[in-house]
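What follows is a single structure, written as structure tokens, with notes after it.
The values are calculated or read from the model by the stated rules, or taken from the named source; none is laboratory data. Being a predicted model, the structure only gives us computed values, none of them experimental. Using ideal geometry, Cβ is built from the backbone for each residue, glycine included, and neighbour counts are taken over all protein chains shown. Remember, those area values only see protein heavy atoms, side chains included, never the ligands or the DNA or RNA. Shrake-Rupley method; radii C 1.70, N 1.55, O 1.52, S 1.80 Å.
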Amino acid sequence: MAILKGPMKLEGRVGDLIFYRRGNKTCCRSMPAYKPGSMTAASKQSAGEFGQASKAGKLFRQALSGLWPIPQDSGMVNRLNKTMYSALRADPHPRGQRVITPAALKEALKNFRFNNKAVPNIQVSCTREKGQLRILLPEDWVQRLKRPRYASHVQVQVAALVMDAATGACRKVATVTDCVALDASHTAVLPLLQSPPDPRLTTVVVLQLRFIKEETNGQIYSSAEKTGMLSCIIEVLLPEKKLKPAPGKQPSSHTPAALPGKQPAAIARKRPRVVEAIAAPPGPKTSAHAPQNRSFHESPS
């Protein structure tokens, strides 16, 4: 790998050379010499899986892009793709058939930091209660923060996103913002967030802390130091499981069994009333035009 030094800055491809930035340096590498059939079947499967993980990371970043400006370091994209790839490789299926499962996503994404220069020194918890998300902070969370000298307030932002890596769906569903004065009393409970309407999807909760300064004229300025901009994933909530009805409480669909010699009560109530004809006693013959005397008796039900 060659490193370009001097006033000339290049990015992109020139012939068989590729110039790219890595941190504050301009590096150069040559084009790989690929030939038809040079990649094995296992290499193609691995490349396809890494592309799937990179796509999932891109969907996640796009869902956050329209939310608020997230502070990040230069290696955030590569770290996120690597994290997604590790979640995909946790699937026990054979190579080429693996997908990102919610359990693996929870294990890989929790406590992921978008800005590595800001280290979180507080523990934030998130619980789901009756269709709402509750964010709990420590009682002395403001005193634990490493804040700049000029900061007067800290802005707390929390967003909930639903993610389904199998279908490529990722969108935000709820946000909450609170601004706390550093020299005033405060509560450790943030306003409630609405839980995603579809409980079958995975919910990713993102927290961002930003220090700001309020001038005497009312103008607010945000901190430009990345060490004072904390942005991380605090919780990954798995899809809710559907509760099955308890056994024995389901309505019976079969007819109750009858005792020997008796019929069930439900059948006995629906039995139609039968009219039986009783033959007349033998007597003198009548003509064909004369009416016959017949008596009908209704059997007792």
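Some points to look at:
- A search for C-beta distances below 9 Å between a residue of segment 116-128 that is assigned to a strand (DSSP E or B) and any residue that is at pLDDT below 80, counting only pairs 6+ apart in sequence or on different chains, returns 126/193; 128/195; 128/240.
- Restricting 120, 199 to residues that are closer than 27 Å to residue 63 by Cβ, at pLDDT below 75 and open to solvent by less than 70 Å² (accessible area, probe 1.4 Å) narrows the list to 199.
- Subset of segment 32-51 [of a type in the set (A, V, I, L, M) and within 25 Å of residue 14 (Cβ to Cβ)]: 33
- Hey, residue 37 part of a loop (DSSP other than H, G, I, E, B), out of contact with any helix residue (DSSP H, G or I) (no Cβ under 9 Å at 6 or more places or on another chain) and either under 30 Å from residue 157 (Cα atoms) or open to solvent by less than 70 Å² (accessible area, probe 1.4 Å) (or both) or not: no
- Residues satisfying the stated conditions in segment 78-95, i.e. of a type outside the set (A, V, I, L, M) and open to solvent by 50 Å² or more (accessible area, probe 1.4 Å): 78, 79, 82, 86, 89, 92, 93, 94, 95
- Hey, residue 29 at pLDDT 85 or above, buried (at least 16 other Cβ atoms within 10 Å of the Cβ) and touching a strand residue (DSSP E or B) at 6+ places or on another chain (Cβ under 7 Å) or not: no
- Residues in segment 84-109 that are free of Cβ contacts under 8 Å to residues at least 24 places away in the same chain and either within 12 Å of residue 163 (Cα to Cα) or in a loop (DSSP other than H, G, I, E, B) (or both): 90, 91, 92, 93, 94, 97, 101.
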